[in-house]
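First the structure, in the form of structure tokens, and then the observations on it.
Each reported figure results from applying straightforward, stated rules to the coordinates on display, with no laboratory input. All figures in this text were calculated on a predicted structure; none of them were measured in a lab. Ideal geometry is used to build each Cβ from the backbone, glycine not excepted, and the neighbour counts take in all protein chains shown.
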Amino acid sequence: MLILGAYDRHDASAAVFEDYRLKAAVALERLTRIKGDGYRFPDEAVDECLSIAGATRRDVDVVCLPRTKYEPRYFHKKLVDLIGLGGLRSHELVREMAFWGTADPLTLFDGARWLADHGFRPDARIHFYNHHKAHALAALFHMQSDDAVAWTADGYGDRVYYSLYRLKDGQLTAPIGGEAESLRRGRAQKRESAMGRLYHDATEALGFRPMRHEGKVLGLAAFGQPVFFDELRAFYRVTPDGRIEATASRRTIRDAIRRIAKQGPRDAVAASVQGVLESVMLEAMDRIVGRDKPKGLGVAGGVFSNVKLNQRLAERFPFEEVFVYPAMTDCGEPAGGVLDFLLVRDGLPRWLGERYSLSDVYFGRDYDAVADEAFRGAGATAVATGDVATAVAGLVADGKIVGTYLGRMEYGPRALGARTILASATDRRINDWMNKRLDRTEFMPFAPVVRADRAAEPFLLGANMRYSARFMTITCDVAKAWQERIPAVVHVDGTARPQLVEREQNPVYHDILTAYEKQTGLPVLINTSFNAHEEPIINAPGECVKALKDGRVDYVATKQAVWSFAPTA
């Protein structure tokens, strides 16, 4: 059975499964080249995923959709006539479900018309998924634990901001933020209670772009003191069951953030906001863990893009397994939506039996067959062929910047070797000049990449953190003896966000690290995403060729060759 998942808000994306196996997953932004592109049906991403899977829309058996905003013509005519949707550009499906007291969206939604308009077979099935449940299931499906909680938190989704799903004794329940809360007529959760909203407002007040630059606030926080912590922390309380509630209106909280942002300094504001996020979330998890002591924790949702929070959770609580879903933002919704359909179709015992750990998230298109010809056709020179790994290691050791263009593009916000820029981590000054070269303004250091078998010496990663570290979704402390050896990847607070690599994931990438250590004695390199400021990570060969021509990198490594536009002697 071919199953398509789609998401149509910010970070719009698509994913295609063949039953339980994810075949392709791509964010719309990678195709349109518009950062965070969305707020429409992701046609390009849908067709790209289907093409990768060797299919078309006519081959799709099930389409999994979010309960977001749709045009009035997709609501049944009697409903439109009754509530006057005709004058509106769109209306939120989950809101109408709550208003009409129905758990079945197809009593309100004209599925046949939607399928016809979007080129799918008339006998295809539509499955509508719950936003936070999709986040939770995406994390749970790729965990090993049968005694776990999946915790989600973001700025908004299906009328709630948090959810908690509990897997125990072969049962899956939702103590917080489940379907009953999404469909309650009166809001079960208030917007002002959302930590995602707190960070959103702080990002905006500090002059950054919300829903894009929250990472800059996180990086800035380590430079400051949380002098405004007490004032902001007083706006939140945690109930005995782990719910987060605001003690003031959103306007009051937002006005306070704007006021202290004007008082500054900026790093103190960022440190205070980060401190509140960690304090509130850790208190909530303390209540959750204290209730029945789950052994595993899976997290997803935009709040868990905050890698420092993820570290605090892993270190504070005795979880045997902590898994941050690699596509933790809303670009992960399509995969979670398909997993929700499979759970409904097959039941929990079968669903649990199909789970597997992720070794990688290379789910975009593989351009290996045409990449070298694209460089050759553009006039680039192959400066090395054959042993690419040794050549790249030598270039990086010589201070050069090398982009990797290896196989299928990554799913999610992190560059993990397929579309990565590699550089030496030995000079702290590289952060300034390389960011300038890439037109970036970053407060975080670059992230390190290291072979999994060499990670224990430089990075203080607990056993429960190593799985997430495959996908660069968690920070850890850096051993003191290593902080001056690899300063370019160590933050001011002594932490780093490492990627751990096994050879089976990406042989060339792994072999570059091996060759670099043989040449320099160091097992760690910089890994930063292969893109310029405010651009999505590169996807197609032409984008890679342009980046090399524009001097974003000195060389690009494919599986077959190392390419350059520099004149040869």
What shape does the range 521-569 have by the C-alpha gyration tensor, where a ≥ b ≥ c are the square roots of the eigenvalues, rounded means a/c under 1.5, and otherwise prolate means a/b greater than b/c and oblate the rest?
oblate
Amide H neighbours of residue 225 under 5 Å, counting only residues 5+ apart in sequence or on other chains, H built in-plane at 1.01 Å?
268
Scan around residue 423 for amide H atoms under 5 Å from its own, H built in the peptide plane at 1.01 Å from N, and keep only partners 5 or more places away or cross-chain.
526
Can you check what the net charge comes to around residue 221, using other residues whose Cβ is under 11 Å from the Cβ of residue 221 (Lys, Arg +1; Asp, Glu -1)?
-1
Per residue and in Å³, how big is the convex hull formed by the alpha-carbon atoms of the range 328-482?
183 Å³
Please grab the % of Cα pairs in the chain that end up more than 41 Å from each other.
22 percent
Using only Cα atoms and rounding to the nearest 10 degrees, what angle (0 to 90) does helix 507-520 make with the longest principal axis of the chain?
40 degrees
Relative contact order of the range 363-564, pairs being alpha-carbon contacts under 8 Å that are 6 or more residues apart, as %:
36 percent
List the lysines whose alpha-carbon lies under 27 Å from that of residue 77, not counting same-chain residues fewer than 8 positions away?
69
Please list, in chain and number order, the residues 5+ apart from residue 23 or on another chain whose amide H is under 5 Å from its amide H, with Hs placed from the backbone.
16, 17, 18
Counted charge near residue 107, where neighbours are those whose Cβ lies closer than 14 Å (Asp, Glu -1; Lys, Arg +1)
0
Within straight-line cross-link reach of residue 480, aspartates and glutamates at Cα separation under 19 Å, skipping those fewer than 8 residues along the same chain:
315, 427, 457, 493
Cα-based Rg then Dmax for the range 1-109, in Å, read 15.5, 43
So how do 407-416, 241-250 stack up, highest first, on mean other-Cβ count within 10 Å?
407-416, 241-250
The range 498-505 - phi-based ³J(HN,Hα) in whole Hz, Karplus 6.51/-1.76/1.60, Gly and Pro as x:
x, 10, 9, 10, 9, 4, 5, 6
Does anyone have the angle between helix 368-377 and the longest principal axis of the chain? Alpha-carbon axes, 0 to 90°, nearest 10?
50 degrees
If you take all C-alpha pairs in the range 144-323, what percent of them are over 21 Å apart?
47 percent
In whole Hz, with x marking every Gly and Pro, tabulate ³J(HN,Hα) for the range 407-417 from phi via Karplus 6.51 cos²θ - 1.76 cosθ + 1.60, θ = phi - 60°.
x, 7, 5, 6, 9, x, x, 9, 7, 10, x
In the range 78-230, what is the volume of the convex hull around the alpha carbon atoms, normalised per residue and reported in Å³?
205 Å³
Among the lysines, which fall within straight-line cross-link reach of residue 216, defined as a Cα-Cα distance under 24 Å, with same-chain neighbours fewer than 8 residues apart omitted?
35, 262, 308, 436
For the range 474-547, what's the radius of gyration and Dmax over Cα atoms, in angstrom?
14.8, 42
Quickly rank 20-29, 440-449 as a protection proxy: mean count of other C-beta atoms within 10 Å, highest first.
20-29, 440-449
What angle, in degrees between 0 and 90 and rounded to the nearest 10, separates the Cα long axis of helix 266-292 from the longest principal axis of the Cα atoms of the chain?
60 degrees
Through the Karplus equation 6.51 cos²θ - 1.76 cosθ + 1.60, θ set to phi - 60°, convert the phi angles of the range 304-321 into ³J(HN,Hα) values in whole Hz; use x for Gly and Pro.
8, 5, 6, 5, 5, 4, 4, 4, 4, 5, 5, 7, 7, 10, x, 6, 6, 9
Semi-axis lengths (Å, descending) of the ellipsoid that matches the C-alpha gyration tensor of the range 69-160
30, 17, 11
Average silhouette area of the range 419-511, convex hull of alpha-carbon atoms, in square nanometres:
6.1 nm²
Protection-proxy order for peptides 376-386, 135-145, each taking the mean of Cβ atoms within 10 Å per residue, highest first
135-145, 376-386
Taking Cα pairs under 8 Å and at least six residues apart, what relative contact order does the chain come out at, in percent?
15 percent
Using alpha-carbon pairs under 8 Å, 6+ residues apart, how would you state the relative contact order of the range 144-323 in percent?
27 percent
Rounded to whole Å and ordered largest first, report the semi-axes of the equivalent ellipsoid of the range 363-564 derived from its Cα gyration tensor (root of 5λ).
26, 17, 16
